[in-house]
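Trainee: Quick one: the structure is below, and I'll ask about it shortly.
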Amino acid sequence: MSVPTPEPLLSCPIMAGLVARHRPPQFEPQRPFPSLVDAIVSQQISGKAAESILARLRSLVPIQAAALARADLRRLRRAGLSRAKAVYVRELARFAEDGGLRGLGRLSDAAIVERLTSVKGVGVWTAEMFLIFSLGRPDVWPVGDGGVQRAALALYGVKTPRTLLALGERFRPFRTHAAWYLWRSLAPS
């Protein structure tokens, strides 16, 4: 859903410029399991590579917890997943089969990160992408994201995690929107 631009973004001249140049963010709720599979597949690879792997994975195995929990690792590897990611997807599927994804939407951001990072292969970045793109949470500041880091360096001269955290405080409680605009700043015009 599209939302009005939050005031904390407009009070910063750099961010206000990004808001003026780019369309507003849209965060459509997504089903938790497929969204998390997508996030695992997307870890540390380009968006195009992730799309290609996900398409091959869908052609080999349904993106459903029951099917992936029992999927042969060789079949998952044929989709283009590394051995580690194939294991991670299967672990996530087993976690989902055991009820680990039930009720996530009712939890705080911190509780969701804690629950999800208990699954092998799901780190803080993956949990944060889930909060943003699956749950549409408004105040997630993914300081470990390379795109946010590159954009913050280019636009604000931010070089350390500590200064990136401090930058995010300017945009609280709408840091997700700020991250979205930072990502847009990196896209070719």
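Trainee: For the range 1-63, which helices (runs of 4 or more DSSP H) that fit wholly inside it have 3 or more residues that are on the phi < 0 side of the Ramachandran plot and open to solvent by less than 70 Å² (accessible area, probe 1.4 Å)?
Mentor: Ranges flagged: 13-21, 32-42, 47-60.
Trainee: Quick check on the range 173-189: of everything there that is of a type in the set (S, T, N, Q) and under 22 Å from residue 43 (Cα atoms), which residue is surrounded by the most Cβ atoms within 10 Å (Cβ to Cβ)?
Mentor: If we take residues in the range 173-189 being of a type in the set (S, T, N, Q) and under 22 Å from residue 43 (Cα atoms), then 176 is surrounded by the most Cβ atoms within 10 Å (Cβ to Cβ).
Trainee: Being in contact with a Phe, Trp or Tyr (Cβ under 8 Å, 6 or more places away or on another chain) and among the charged types (D, E, K, R) narrows it down to one of 159, 120, so name that one.
Mentor: So the residue among 159, 120 that is in contact with a Phe, Trp or Tyr (Cβ under 8 Å, 6 or more places away or on another chain) and among the charged types (D, E, K, R) is 120.
Trainee: Right, next: Does the range 67-75 include one or more residues that are open to solvent by less than 50 Å² (accessible area, probe 1.4 Å), among the small types (Gly, Ala, Ser), assigned to a helix (DSSP H, G or I) and modelled with pLDDT of 95 or more?
Mentor: Looking only at the range 67-75, we keep the residues that are open to solvent by less than 50 Å² (accessible area, probe 1.4 Å), and these are 67-69, 71, 73.
So of that shortlist, the ones also among the small types (Gly, Ala, Ser) come out as 67, 69, 71.
Okay, now just the ones that are also assigned to a helix (DSSP H, G or I), so 67, 69.
Among the residues that remain, those that are also modelled with pLDDT of 95 or more are: 67, 69.
Yes, because at least one residue in the range 67-75 is open to solvent by less than 50 Å² (accessible area, probe 1.4 Å), among the small types (Gly, Ala, Ser), assigned to a helix (DSSP H, G or I) and modelled with pLDDT of 95 or more.
Trainee: Pairs under 9 Å by beta carbon, first residue closer than 13 Å to residue 144 by Cβ in the range 104-129, partner open to solvent by 70 Å² or more (accessible area, probe 1.4 Å) and of a type in the set (Val, Ile, Thr), six or more apart or different chains?
Mentor: Filtered contacts from the range 104-129: 113/124; 117/124.
Trainee: How about the range 88-100: which of its residues are within 13 Å of residue 37 (Cβ to Cβ) and open to solvent by less than 60 Å² (accessible area, probe 1.4 Å)?
Mentor: 88, 89, 90, 92, 93, 95, 96
Trainee: Another question, then. Give me the pairs: first residue in the range 53-74 and farther than 20 Å from residue 98 by Cβ, second residue acidic (Asp, Glu) and part of a helix (DSSP H, G or I), beta-carbon distance under 8 Å, and six or more apart or on different chains, which are they?
Mentor: 54/38
Trainee: In the range 79-105, how many are at pLDDT 95 or above and outside any loop (DSSP other than H, G, I, E, B)?
Mentor: Going through the range 79-105 one residue at a time, the tally reaches 15.
Trainee: Also, quick follow-up: Looking at the range 123-172, what helices (runs of 4 or more DSSP H) fall wholly within it and have at least 3 residues that are open to solvent by 30 Å² or more (accessible area, probe 1.4 Å) and at pLDDT 95 or above?
Mentor: Qualifying helices (runs of 4 or more DSSP H): 146-156, 161-169.
The values are calculated or read from the model by the stated rules, or taken from the named source; none is laboratory data. On a predicted model such as this, the values are computed, not experimentally measured, just so you know. Here Cβ is always computed from backbone atoms with ideal geometry, including for glycine, and neighbour counts include all displayed protein chains. Surface areas here come from the heavy atoms of the whole protein model, side chains and all, with no ligands, DNA or RNA. Shrake-Rupley method; radii C 1.70, N 1.55, O 1.52, S 1.80 Å.
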